[in-house]
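Visitor: The structure under discussion is supplied below as structure tokens; questions concerning it will follow.
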Amino acid sequence: MSFLPELTIAAALDGLAARSFSAVELTTAHIAAIAALDGELNAFITQTPELALEMAKSADAARANGTAGPLSGIPLAIKDLFCTEGVRTTAAAKILEPFVPRYESTVTAQLKAAGAVFLGKANLDEFAMGSSNMTSAFGAVTNPWQREGSDAKLVPGGSSGGSAAAVASRMAMGATGTDTGGSIRQPASFTGITGIKPTYGRCSRYGIVAFASSLDQAGPMARSVEDCAVLLQAMSGFDARDSTSAERVVPDFRSAVRRGVKGLRIGVPAEYRMDGLSPEIDALWTRGISWLKAQGAEIIDVSLPHTKYGLPVYYIVAPAEASSNLARYDGVRFGARVDGEDLIDMYEKTRAAGFGAEVKRRIMIGTYVLSAGYYDAYYLKAQKVRALILQDFTQAFAKVDVLLTPTAPSAAFGQGEKMDDPVTMYLNDVFTVPASLAGVPAMSVPAGLDRQGLPLGLQIIGRHFDEETVFAVGAALEQAAGFSALPAIRARETV
Ligand code: GLN
């Protein structure tokens, strides 16, 4: 029998169906991996091994009586931004440390209904604000990858850094992430795994702790394109409890993986070739283009002229929505409270103690750009430029089927690096925020290693609700890249 945590989800589903092993065995192997590794990686805020074993037993029972779901017995990590009934949900924030939801998010409910097993709640940047997982109130996550010849601790990216580290280190077969401006794609790139942010509206936001509601999207992270397709299938669909949920049929994503790229038109946006882009990432991008060309795709140069406004627009819109969404954490209804002399004093003390520095910074920026006198100059203006960014994509997609770009401007960096100036950290998101602002689907696929042996991802951006083509192109890149490198810290067979 192969070492179970090494399997892809697709292979594990075959193995379970063939009764080569049980869901309890598969889950037990992952619980052992977490016990061995998570002290070092800190990818989980809350581990739920007993619950996982119960879910695995039900999955085995379902398989025995012919009622197994499409994910029956597959152990997953759940980003701790998804409310899980009866299981603490913190958003990696001190203010939510004691919060145990009485309801389940739609995405996790659908995963449960599909038979998935939940190993625990994955660490993240506080309220999903960040690109390094350094802002978690529950401590930093360590990237399972290390530079060659160095054991310096690197960040896994963020905000879905715990999900990414858990999947890359083989503590989980897949994970849920959320992506507001890149939080699935950038950590996927930093940890050598695959992650897709679907079209805005594809997955319900019901029960996901809100950051910036017009941008937040759930999506899967896994070790193959096909595994992401299998997970996204179960996560997607209309939900009346989310007013922006799309009433769309969910296509068969898994079969799209095998479509190939022959005849597809791949756009290469000139504006993503930015000053100072590392030559290694530039070279990888060029290689990606030639791989697709070799498989029969047509390469077309396109322009997304408003790309340079992506970051400034994002860092107005996202904090504005965050400041409004986070107003609910006042010590009355959710989570922790610090008592004060009167009601206002209690609010102030609770919020001062309950939020970290990055979250406070965003609340202040957001409040400022929404305030009387500045609303038109910042927020309204940003919304207008956001419309132009969307228009760029619409025009490009009249000529091409997908866009190919790098996912992030660098490989994983060291813990503590890029921390002195918040703007340096925000630059991580330069390639991911435009697709978020436009609401289009985008996926990161591991495509190679840098000179120091760290993974780098390429990003495929598609048309609204055309995840199928994104999957097809992702699979073609995956096949050509043949990415097989392994992180230094990972579950290993003990003999
Ligand atoms: N890094 C971006 C930010 O800090 C994106 C975060 C996200 O997608 N949740 O806002």
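The values are calculated or read from the model by the stated rules, or taken from the named source; none is laboratory data. If you're wondering where the values come from, they're calculated on a predicted model, not measured in any experiment. Glycine also receives a Cβ, built like all others from the backbone with ideal geometry; neighbour counts cover every protein chain displayed. Keep in mind that these areas ignore ligands, DNA and RNA; they rest on the heavy atoms of the full protein, side chains included. Shrake-Rupley method; radii C 1.70, N 1.55, O 1.52, S 1.80 Å.
Visitor: Before anything else, pin down the relative contact order of region 113-157: Cα pairs under 8 Å, at least 6 apart, normalised by residue count, whole percent.
Guide: 28
Visitor: Keeping every protein chain present and rolling a 1.4 Å probe, give me the accessible area per residue for the chain in Å².
Guide: Per-residue value: 37 Å².
Visitor: Check cross-link reach from Lys349 to the lysines: straight Cα distance under 22 Å, and skip same-chain residues fewer than eight apart.
Guide: Lys94, Lys360
Visitor: Output the peptides 13-19, 217-223 sorted from most to least packed, where packing is the average of other Cβ atoms within 10 Å over each peptide's residues.
Guide: Top of the packing list down: 217-223, 13-19.
Visitor: Full extension from Asp376 to Lys349: what is 0.36 nm times the residue separation minus their Cα-Cα distance, to one decimal in nm?
Guide: Stretched out fully, the Asp376 to Lys349 stretch lengthens by 6.6 nm.
Visitor: A further question follows. Mind checking region 391-491 for trypsin sites (Lys or Arg not before Pro) that DSSP puts in a loop (not H, G, I, E or B) and that have at most 14 other Cβ atoms within 10 Å?
Guide: Passing both the DSSP loop test and the Cβ count: Lys399, Arg451.
Visitor: Which lysines have a Cα lying under 22 Å from the Cα of Lys293, excluding residues fewer than 8 positions away in the same chain?
Guide: Lys262, Lys399
Visitor: Below 15 angstrom from the Cβ of Ala61, what's the summed charge of the other residues (Lys, Arg +1; Asp, Glu -1)?
Guide: Counting the neighbours of Ala61, the net charge comes to +1.
Visitor: Can you list the residues, at least 5 places off or on another chain, whose amide H is less than 5 Å from the amide H of Leu154, using H built in the peptide plane?
Guide: Close amide H contacts, sequence-distant or interchain: Asn143, Gln415.
Visitor: Still on this structure, please answer the following. Quick one: longest stretch of the chain between exposed loop GluC sites (Glu not before Pro), exposed meaning at most 12 other C-beta atoms within 10 Å and loop per DSSP?
Guide: 342-492
Visitor: Taking amide H positions as placed in the peptide plane 1.01 Å from N, state which residues far from Gly267 in sequence (5 or more) or on other chains have amide H under 5 Å from it.
Guide: Residues meeting the criterion, in which the H sits 1.01 Å from N, are Ile300, Asp401, Val402, Leu403, Leu404.
Visitor: Relative contact order for the chain using alpha-carbon pairs under 8 Å, separation at least 6, rounded to a whole percent?
Guide: 18
Visitor: If you keep only loop residues by DSSP, which trypsin sites (Lys or Arg not before Pro) in region 309-358 have at most 11 other Cβ atoms within 10 Å of their Cβ?
Guide: When the trypsin sites (Lys or Arg not before Pro) of region 309-358 are filtered for loop state and at most 11 Cβ neighbours within 10 Å, Arg333 remain.
Visitor: How much accessible surface does Asp38 have with a 1.4 Å probe, in Å² rounded to 10?
Guide: The value for Asp38 is about 10 Å².
Visitor: Right, another one. Under 11 Å from the Cβ of Ala411, count the other residues' Cβ atoms, weight Lys and Arg +1, Asp and Glu -1, and hand me the total.
Guide: Local net charge: 0.
Visitor: Taking 7 Å along the Cα-to-C-beta vector as the label spot, tell me the Ala387-Glu417 distance in nanometres, rounded to one decimal.
Guide: 4.1
Visitor: On the protein heavy atoms, probe 1.4 angstrom, tell me the percent of accessible surface of the chain carried by carbon and sulfur.
Guide: The computed percentage sits at 54.
Visitor: Order the following by accessible area, largest value first: Arg258, Arg265. Probe radius 1.4 Å; ligands, DNA and RNA are ignored.
Guide: Order by accessible area, largest first: Arg258, Arg265.
Visitor: Starting at the first residue of region 440-447, write each ³J(HN,Hα) from the Karplus equation 6.51 cos²θ - 1.76 cosθ + 1.60 with θ = phi - 60°, in whole Hz, x for Gly and Pro.
Guide: 3J(HN,Hα) across region 440-447, in whole Hz: 8, x, 8, 10, 10, 10, x, 10.
Visitor: Shifting gears a bit: Applying 1/(1 + (r/R0)^6) with R0 = 45 Å to the Cβ-Cβ distance of Thr367 and Glu271, what FRET efficiency is obtained, to the nearest 0.05?
Guide: In this case the efficiency is close to 0.90.
Visitor: As a test question: what accessible area, to the nearest 10 Å², does Met274 have when a 1.4 Å probe is rolled over all protein chains in place?
Guide: Met274 has an accessible surface of roughly 60 Å² with all protein chains in place.
Visitor: Identify all lysines with a Cα-Cα distance to Lys153 below 18 Å; exclude those on the same chain that are fewer than 8 residues away in sequence.
Guide: List returned: Lys418.
Visitor: Loop only by DSSP, 10 or fewer other Cβ within 10 Å of the Cβ. Give me the trypsin sites (Lys or Arg not before Pro) in region 46-106 that pass, ordered by residue number.
Guide: Arg102
Visitor: Using a Förster distance of 41 angstrom, determine the FRET efficiency expected from the C-beta separation of Lys153 and Asp14, and round it to 0.05.
Guide: 0.70
Visitor: Based solely on its DSSP helices, what 222 nm [θ] is calculated for the chain when runs of n ≥ 4 H residues each add -39,500 (n - 2.57) and the sum is averaged over all residues, nearest 500 deg cm²/dmol?
Guide: -11000 deg cm²/dmol
Visitor: Keeping all protein chains in place and using 1.4 angstrom, which order do Ile9, Ile299 fall into by accessible surface area, from largest down?
Guide: Ile299, Ile9
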